[in-house]
Every structure is written in C-alpha cells, then in structure tokens.
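What follows is calculated from the coordinates using simple rules that are stated; it is not laboratory data. What you see is a predicted model, and the numbers here were worked out from it, not measured in a lab. Cβ: placed from backbone, ideal geometry, glycine included. Neighbour counts: every protein chain shown.
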C-alpha cells in the first residue's frame with residue numbers, strides 16, 4: 001500500500017479516537033462538576049489540561065469559565081484542537097483515502113460531519129449538549145464497527161488501528177496524570193473528592209462499569225490507576241492498548257524498530273504502579289510514557305510514511 | 001396529465017414532451033409518474049434527492065476567495081429519456097468518431113499522411129500548442145492515444161444530435177453519471193421496475209479492463225493507478241471514486257518516481273513497486289517537469305522517457321490533446337472519410353474557422369449572432385456568446401480574435417433542447433447537453449447514455465457546474481432491436 005495512504009489511515013485512526021474521547025470527556029466532565037461541592041480545586045482548567053489546550057486557551061481568553069471553555073473545546077473553528085476541527089480532520093483523512101475505505105465508511109463519517117456542523121455550535125451553550133456529544137460518540141463507534149466489519153484487515157486497516165491505539169494510550173495516560181495532579185494540588189484531598197474524581201475519570205474513558213465488574217471494591221485511587229494503566233482486557237486501558245498496538249505493528253513489513261519501542265512500555269508501567277500516587281515521581285513516570293509514545297510515532301513516521 | 005398541460009418548451013425541442021404536450025416514445029412512464037405530483041410532492045422528492053446527495057457526499061469543489069469549498073452536486077430528479085434504438089445509432093457514431101480521432105493522432109505523430117494528402121493543413125496541426133514534439137514516432141499499444149473520451153452532444157431545434165466537442169485530455173463527469181443513477185434508484189425505486197433501463201454500472205470495470213489492456217507487462221495482474229493532482233483538485237471526488245470502484249491505487253505525483261532501471265515505481269510501505277498503467281488526471285503540461293512545465297510538482301520527472309520506452313502506459317497518451325483542439329474538431333468528418341472510408345454517422349455543429357480569411361470576415365461581421373470559442377480552453381472559459389453580450393463586449397472581442405485568428409472558431413447559437421426540470425415546486429423546461437464516455441483500447445466501449453448536464457437558470461445555455469449548471473440521470477429505455485422483431 002502507498003506510504004501516503006498509510007499515513008492518512010493512521011491519522012484517520014488518531015482523529016477518530018480524539019473525537020470520541022473529547023466528546024466523552026466534555027460530557028462526563030460537565031456532569032462531574034455538577035456533583036462536586038463548590039470551592040473544589042477541580043475546575044475547567046483541568047479539563048483543558050487533559051486536552052492539552054490550557055496554554056492556548058489562557059493565551060486567548062485568560063480565566064476559564066463554563067461557557068468559554070465549552071465553546072472553545074467543542075465549536076471554536078479557530079481552535080485546532082476543538083471537537084469540530086477533529087471531526088473535520090477525521091473526515092478529511094477519510095475523504096482522501098476514499099479509494100480504500102468502504103463507501104459506507106465514508107457516508108458514515110460524512111453524516112457525523114454534517115451533524116457536528118449543525119449541532120456542535122448550538123451544543124456549546126445549550127441543553128442539547130449531551131445528546132449531541134453522545135451522537136458524536138455513537139458516530140465514532142459506528143465508523144469503527146463499519147471498518148472492522150467491512151474493510152479488509154490488511155495493512156491499511158492496521159495503520160488505522162495503530163493510530164487509534166496511540167491516540168488512546170496518549171489520552172489515557174494524560175487523564176491519569178491530570179487526575180493525580182489535581183488531587184495532589186487539593187488543599188484537603190479528602191476521601192469524598194478522591195472518590196468522586198476517580199469515578200469521573202473512569203467514566204470519562206467509559207471504564208466505570210468494567211472497573212466495577214473486575215475490581216469489585218469501592219473506587220480507590222490506587223485501584224483506578226492500576227486498572228487504567230495495566231488492565232489487559234479493557235480496551236481503553238493502557239495495558240490492553242499496548243498489547244494491541246504491538247500486535248498491529250507486528251503485522252506490517254519492517255516493523256522491528258517500532259515493536260522494539262512498544263516492548264519497553266510494560267516495564268515502564270510496572271515501575272509507575274509502584275509509586276506513591278501523590279508524588280511528583282508519578283508525574284515524571286507518566287511524562288516518560290508520553291515521551292515513549294512520541295518516539296513510537298516518530299518511528300512509524302520514519303519507517304512507513306512519505307518523506308518530504 | 002395536469003403537470004404537462006401548461007408545460008411549454010417555447011419552441012425548443014423537448015426531450016420528454018412533444019409540442020402537443022404528450023410524452024415522447026419511451027417517456028410515457030416518467031410523464032405519467034410526474035403528472036400527478038403537486039408542488040409539495042415535487043419538492044418532497046427533490047429534497048429527498050438532495051439529502052441523498054449530501055449524505056453520499058457527492059460534491060464538487062469550487063474555488064472562491066482563495067478557499068476551496070466542497071459544494072453538493074446539484075441534481076434534478078426528472079430523468080432524461082433516450083429510446084434504445086436512437087441510442088444505438090449514436091453509440092455507433094461515437095465509436096466511429098473516436099476510432100478516426102485515434103487514427104489521426106497516431107498519423108500526425110508518425111507519417112503525417114493526412115497532411116501530405118492535403119486533407120488537413122500542416123500549419124493547423126503543427127502550430128497547435130497541443131502538438132508535442134516529444135511524442136513523435138512513439139507507438140502506443142493498438143495505435144490508440146485517446147483511451148478515454150468524453151464527447152459533448154447537443155440537440156438543436158431540428159431534433160438532430162450534433163457533436164459539440166470531443167474531450168480527449170482529461171474528461172471528467174463520469175462519476176456523477178454513476179452517482180446520479182444511485183440517487184435516482186434511492187428516490188424512485190418503483191420507476192425502474194416498470195421500465196427496461198440500460199445499466200451504467202459496468203463503467204468502472206470497463207475502464208479497468210481498458211487500462212489493463214494497455215499494460216506493457218505481460219501477465220494477468222497489471223498494477224493500474226489513478227494519478228490525481230491532489231486532494232484540492234475540483235475533480236478529486238471523481239478520482240477517488242473511480243480508483244475505489246476499480247480497486248486501483250490513487251496516487252499523487254509525490255508517490256511516484258522513475259527508478260534507476262527506467263521503470264515507473266510507487267512508494268509503498270514495503271518499498272518501491274512497479275506501475276504498469278497510469279490513468280492520469282493531470283494535463284500534459286504538468287506531467288513531467290523534465291520536459292514540460294519545470295516547476296510542476298504534480299507530475300513525475302522522467303515519466304515521458306519511461307513512456308516512450310514502452311515501460312509504462314499512460315492514458316490518455318501525452319499529445320492526444322492535439323485532436324481536442326476546436327479547429328481540428330472541424331476536420332473530424334474529413335478524418336472519418338479519410339481513414340475509415342465511411343460517411344460520418346454523427347454531424348458536427350457548423351463551424352467557421354477564424355484562421356481562414358473568408359470565415360474570419362463573416363465571423364467579424366456577424367459576431368453578435370455567434371458563439372466564439374478559443375481552440376484550447378475548456379469549462380466554458382474565454383468564450384463569447386454573441387446574443388448575450390453587450391455591444392462593447394462584442395467590439396472588444398473582435399480585437400481579441402484579430403490578434404490570433406487561428407485560436408478561434410465560431411458557431412451559430414444553438415437552440416439547445418430542453419428537459420422538464422423541477423424549479424421551486426413547478427416543472428419547467430431547462431436546456432441540456434449530454435456527455436457520453438467512450439473507452440478505447442483493444443476494444444471500444446460506450447456508456448449507456450452519459451452525463452446529462454442542465455442549465456438550471458431560466459433561459460441559460462451554460463451547463464458547467466462551476467457556472468450554475470446541474471445534472472440529471474440519463475435513461476436509455478427499451479430494446480435496441482425492437483424494430484427487427
């Protein structure tokens with residue numbers, strides 16, 4: 001398959017995951033804020049941080065508030081990281097690989113795009129928000145399912161999956177990082193805040209139900225972090241993601257460099273799991289994971305994509 | 001029939017309805033189906049079709065204020081009907097025409113017999129900017145240079161179909177022909193049940209077969225690619241669509257290179273892979289920066305030499321555009337007689353060559369009644385429609401012609417035929433043309449019908465989608481052999 005097409009499939013996979021997680025995160029976060037007592041340190045800033053948008057937001061708007069943040073994250077066309085733009089780039093990558101993506105897949109993303117153009121600007125400041133965000137999640141799942149069910153699982157599909165997994169690994173680690181940082185910053189961490197927060201974190205990656213089934217205890221910080229970073233069965237958990245990523249890469253020609261990098265991840269995770277959850281070392285450990293994920297991206301680019 | 005009683009094509013030939021307000025042969029079912037729909041019913045159907053177009057993502061790109069905007073493809077739901085028997089004659093005429101055109105192209109790049117025998121003036125051929133010295137004495141397979149041709153047909157007031165032009169460079173529109181059919185099937189499934197409508201769906205496999213026939217490498221599994229100028233090209237939708245339906249790779253210039261062994265390769269995730277046939281959708285001028293436009297980033301350096309050595313097939317072949325020239329067009333009937341010893345089955349539109357003194361004089365005197373076109377432009381650019389131009393525009397255009405008469409031809413303003421079209425809940429006549437697509441390799445194949453383009457503005461004759469045109473599904477209805485039974 002063409003290097004250029006491989007690259008676009010990879011980005012389609014990344015944007016698909018980005019659209020889904022952004023929609024979930026915002027949706028859960030808004031609900032979570034409703035559950036928290038006033039004056040908690042948890043605020044819009046944390047949501048911006050999870051989505052790596054806090055610097056850009058502060059540069060433009062200064063102090064975050066509900067309306068501004070939601071508009072910025074969901075519907076701001078000038079914010080490269082907004083959900084609206086992520087849907088646009090997802091569609092653009094599918095549009096430019098239409099020769100290999102099943103046409104139902106194109107129609108599916110096209111409908112998601114039309115819906116997001118119509119509804120997201122309204123959703124940013126209205127009651128229809130949850131419905132619209134949930135439609136975004138459904139649209140992504142529909143596309144995933146369509147491709148899984150109707151596209152040959154050859155190289156093109158593997159690049160799509162690889163994009164999925166890398167984006168997901170990046171997002172899951174960032175969610176854990178920001179949650180731990182928030183607790184560490186809290187004046188009086190308190191059990192109630194910790195509980196609510198970690199429940200919210202689990203929900204934001206749709207992990208809460210699966211967590212309850214497998215952990216069978218009330219939600220604690222330690223268990224939640226363990227589950228999110230190392231569970232081998234839950235699709236959004238880093239453990240599962242790493243394994244799937246390695247498996248997808250191994251199906252491609254000339255994969256040695258990339259799979260070697262992926263093989264370093266499990267050991268890094270187990271070191272992190274030994275750490276004290278409130279320590280700066282945890283943040284450093286996760287930083288290390290994120291750097292490694294960046295290296296894996298670099299290696300994929302170097303091995304398979306078109307050189308400028 | 002209520003909707004037809006007040007339908008008035010104002011003296012133009014209407015494709016569906018006679019001047020007596022009755023359906024033409026083959027159009028009875030359609031006429032009956034639309035006769036009973038009230039404005040709300042018509043609008044509902046039209047909106048269903050527009051929704052389908054939107055959801056299927058059928059778009060074309062327009063450039064506006066420095067931005068690329070994907071617009072929905074404008075589509076009208078009333079199909080244009082052509083009886084199969086009539087179509088069979090047009091089909092034969094199109095095959096005859098493309099065969100002669102290919103003889104001509106092959107001849108002018110080899111022995112130039114048609115010039116030496118005085119049928120076509122040397123100057124007319126050799127001064128054409130589309131005559132490429134780089135193509136002299138190259139011999140593409142089967143002697144065929146133009147493998148994909150889109151020929152524009154128009155029907156005049158007299159009901160006769162004339163050839164308006166042959167598009168031999170990179171004709172576009174065929175994907176819309178296919179998508180129009182898909183939309184009609186979605187909106188009017190029941191109509192198909194009552195009629196024998198010829199299928200158009202075989203086009204992608206016919207195209208693939210034609211391209212595969214050209215492969216220089218023996219074997220059953222040629223690597224066919226579609227070369228697009230890129231994702232911002234106005235026809236990118238079509239390039240991707242055809243590649244998808246053929247199962248061919250869609251490549252950009254940057255994906256290709258001529259390797260040290262002289263063969264054309266594409267960059268894949270597994271290294272370089274040899275390419276056999278390139279269906280190129282970029283113009284000659286951008287094909288090879290080594291030989292043409294040196295700053296082109298769309299093409300591939302060295303691809304011309306690779307093609308000359310017979311290591312790759314290019315469709316259409318470089319230099320085929322020499323027969324796409326509007327002055328050369330006027331000689332096509334002579335070519336048919338010269339190469340095939342046959343009388344042309346399809347007439348040309350009467351045309352004055354401004355390069356000839358008598359004709360130039362006539363054209364300058366009658367400019368306000370004529371349509372004047374430059375020899376080498378497409379898409380309706382750079383032309384003058386006399387009856388729709390102001391006095392000043394006509395006078396200004398005289399100087400333009402006089403500066404370079406060879407570059408212009410003039411034709412009478414045609415009274416293009418009309419087809420009933422939905423306009424704000426009413427059915428009104430709108431002018432149409434027709435672009436069938438002809439494929440030629442070892443075999444020749446013609447689409448059943450083609451792309452009907454419609455000028456959606458009242459009274460307008462301009463059918464280009466970039467200038468307010470839309471399109472319709474085209475149905476070849478009935479059995480071509482009916483008369484023999």
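By the beta-carbon count within 10 Å of each Cβ, the least crowded to most crowded order of A:268, B:56, fewest first, is A:268, B:56.
Two decimals is fine: what is log10 I(q)/I(0) at q = 0.09 Å⁻¹ for the protein assembly as shown, from a Debye sum with one equal scatterer on every Cα and no solvent? Evaluating at q = 0.09 Å⁻¹ gives log10 I(q)/I(0) of -0.94. By the beta-carbon count within 10 Å of each Cβ, the least crowded to most crowded order of A:95, B:308, A:216, B:435, fewest first, is A:216, B:308, A:95, B:435.
Taking only the alpha carbons of the stretch B:349-485, we obtain Rg and Dmax values of 18.5, 59 Å in that order.
Against the main long axis of the alpha-carbon atoms of chain B, helix B:174-187 sits at an angle near 30°.
Volume of the convex hull of the stretch A:204-308 (Cα atoms only), normalised per residue: 115 Å³. Please give the FRET efficiency for residue B:479 paired with residue B:28, using the beta carbon to beta carbon distance and R0 = 22 Å, rounded to the nearest 0.05. With R0 = 22 Å, the Cβ-Cβ based efficiency is 0.90. Only beta bridges with both residues in the protein assembly as shown are counted; by DSSP, about 75 percent of them are antiparallel. Here the average projected area of the convex hull drawn through the C-alpha atoms of chain B stands at 24.8 nm². Stokes-Einstein diffusion for the stretch B:87-176, with the hydrodynamic radius set to the Kirkwood value over Cα pairs and evaluated at 37 °C in a medium of 0.692 mPa s, equals 220 µm²/s. Relative to its Kirkwood radius, the Cα radius of gyration of the stretch A:1-83 gives an Rg/Rh of 1.08. Calculated on the alpha-carbon coordinates, the convex hull of chain A measures out at 132 cubic angstrom per residue.
Of all beta bridges that DSSP places with both ends in chain B, some 75 percent have antiparallel geometry.
Principal-axis analysis of the Cα atoms of chain B puts helix B:39-55 at an angle of about 20° to the longest axis.
Could you check what % of the DSSP bridge pairs in the stretch B:168-319 are antiparallel, to the nearest 5?
The answer is about 40 percent antiparallel.
Give me B:423, B:149 sorted ascending by neighbouring Cβ count inside 10 Å, so fewest comes first.
The most exposed by this proxy come first: B:423, B:149.
Considering helices alone, the calculated mean residue ellipticity of the protein assembly as shown at 222 nm is -15000 deg cm²/dmol, with DSSP H runs of length four and up weighted by -39500 (n - 2.57) and normalised per residue.
Quick one: Debye curve from the C-alpha atoms of the stretch B:253-336, no solvent, what's log10 I(q)/I(0) at q = 0.20, 0.21, 0.27 Å⁻¹? Log10 of I(q)/I(0), two decimals: -0.89, -0.95, -1.36. Only alpha carbons enter this Debye calculation for the stretch A:1-141, each as an equal point scatterer, and the log10 of I(q)/I(0) it gives at q = 0.11, 0.19 Å⁻¹ is -0.42, -1.07.
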